[in-house]
Amino acid sequence: MTSNSHSEPLTIWLLSPYHTGSHKAWAEGYKGHSRHDVQLFTLAGRFWKWRMQGAAVELAAQTEKLCETHPPDLILATDMTNLPAWLALVRRILPAQTRTVLYMHENQLTYPWRPGEKPDLTYAMVNWLSQLCADMVVFNTEFHQRSWFDELPNLLKHFPDYNHLEKIEEVEARSHVLPVGIDLQAESRRQISSRPPLILWNQRWEYDKRPDRFFQLLYRLEETGHNFRLALAGENFRNVPGEFEEAKTRLAHRIEHWGFLPSRSDYLALLRESDLVVSTADHEFFGISILEAVQAGVFPLLPNRLSYPELIPPDLHAACLYENEDDLYVKAVARLAMPRQAPPSLRRAVQERYSWPVVAESYDCQFSKLLKMNAAPAQ
């Protein structure tokens, strides 16, 4: 393979076996902003365990004919892909020099299990084996990368022999951090409303986002006489935590919106109307919904841990990050008393670091560099 110059677009096959939510937004965002030719191969975003175990067979079927006629320069697979299995299934037709990149949206080692579920190391091993065979491993935040490699030795030491702990350093050396991109929105022209401030939840309706803490904050605000309105957006699944139904009754008089908004334009309109976005999560590897809200002008209150300190410039940590539930309450009261949009400096920082044109260019350069590093010397 001859090396690709900066001006020559690569052919990139993006394997996305769990194509929904942030995975879908990421894949389509990169395809739409890359200078390379990015082709998507996807499966519906459901049955995550089956996707990690069996999606490689369907993805191989989707790609095998193209392997023969229009092979890619690079494979970009998400963490839900069993990359060794897919490579084995296409090994007879995929050119040997094709480079592979594994993008870690999340991982099954440090992702919290649902209450009552017994951890299954099978899926963490799929992640690890995929990293071993990838030419480059990409994490969406430094926090994610650090938490994975901190916990990985404990996973491998769990097994009786041949655990190859020395491989960890090798994989870490070829790992990078490249964030998820977000779509830029036009400057919000909204004025501070005479109506009570609108508090927004725009994350998944799942246990790891700790909706119990969020609703306890709202109950405390109500009990102490603070006025607000409430909007609940974000994806919800079959096993919705019970806290949502309780809150729907207790806070019915405050609810402006309840439920997932499938229309992108409707969702963005809700962001522009919101005053305060709150996270109470126990788990967050990135935080795309928070960045979308901030970019639309919503003021964030986020825990001072997980990936959040990376998303917020250090000089704004004191205003936007809280230490505990009492600190969150105090900061929420202040924001309800004096509603304000996200500071202009915060919006600029988000745009300069996370807008898709900026992020896609970083991806493009890294992938071109990978091919140049691995190109066979000219004869």
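Numbers below:
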| item | result |
| --- | --- |
| Full-extension gain in nm, R220 to E325, via 0.36 nm per residue minus C-alpha separation | 36.7 nm |
| Summed side-chain charge close to T63 - residues other than T63 whose Cβ falls under 15 Å, Lys, Arg +1, Asp, Glu -1 | -2 |
| Long-range tail of P(r) for region 1-127 (Cα pairs > 20 Å, %) | 45 |
| For region 210-276, convex hull of alpha carbons as volume per residue, Å³ | 91 |
| Label point at Q39 placed 7 Å out along Cα→Cβ; residues across region 89-113 whose backbone nitrogen lies under 13 Å | 94-95 |
| Share of carbon and sulfur in the accessible heavy-atom surface of the chain [1.4 Å probe, %] | 51 |
| Helix-only CD estimate at 222 nm, as mean residue ellipticity for the chain, using -39500 (n - 2.57) per DSSP H run (n ≥ 4) | -13500 deg cm²/dmol |
| Acute angle (nearest 10 degrees) that the helix 121-133 long axis makes with the longest principal axis of the chain, alpha-carbon atoms | 50 |
| Choice from S368, S194, S34 showing the highest fluctuation, given a GNM over the chain with Cα pairs closer than 10 Å | S194 |
| Local net charge near P357, Cβ-Cβ under 14 Å (Lys/Arg +1, Asp/Glu -1) | -1 |
| Simple spin-label estimate for K167 and T249 in nanometres, 7 Å along Cα-Cβ | 5.2 |
| Surface per residue (accessible, 1.4 Å probe) for the chain, Å² | 46 |
| Gain upon complete extension [R305, F47; 0.36 nm per residue less C-alpha separation] | 89.9 nm |
| Sum of side-chain charges, F299 neighbourhood, beta-carbon under 11 Å (Lys, Arg +1; Asp, Glu -1) | +3 |
| Per DSSP, loop trypsin sites (Lys or Arg not before Pro) in region 196-305 with at most 10 further Cβ within 10 Å | R238 |
| Stretchable slack from K65 to T110, in nm (0.36 nm times residue separation minus alpha-carbon distance) | 12.5 nm |
| In nm, spacing of pseudo-spin labels at Q366 and R92 (7 Å Cα→C-beta vector) | 3.5 |
| Entry for log10 I(q)/I(0) by the Debye sum over Cα atoms at q = 0.06, 0.09 Å⁻¹ (calculated from the structure that is shown) out of (i) -0.41, -0.72; (ii) -0.25, -0.56; (iii) -0.21, -0.48 | (ii) |
| Charge dipole magnitude, Cβ of K and R +1, D and E -1 - the chain, Cα centre, debye nearest 20 | 740 |
| Trypsin sites (Lys or Arg not before Pro) lying in DSSP loop within region 43-108, provided at most 13 other Cβ fall within 10 Å | R46, R91, R92 |
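The values are calculated or read from the model by the stated rules, or taken from the named source; none is laboratory data. Just so you know, these numbers come straight off a predicted model, no measurement behind them. FYI the Cβ positions are ideal-geometry reconstructions off the backbone, even for glycines, and counts take in every protein chain you see. Areas reflect the complete protein model, heavy atoms only, side chains present, ligands, DNA and RNA absent. Shrake-Rupley method; radii C 1.70, N 1.55, O 1.52, S 1.80 Å.
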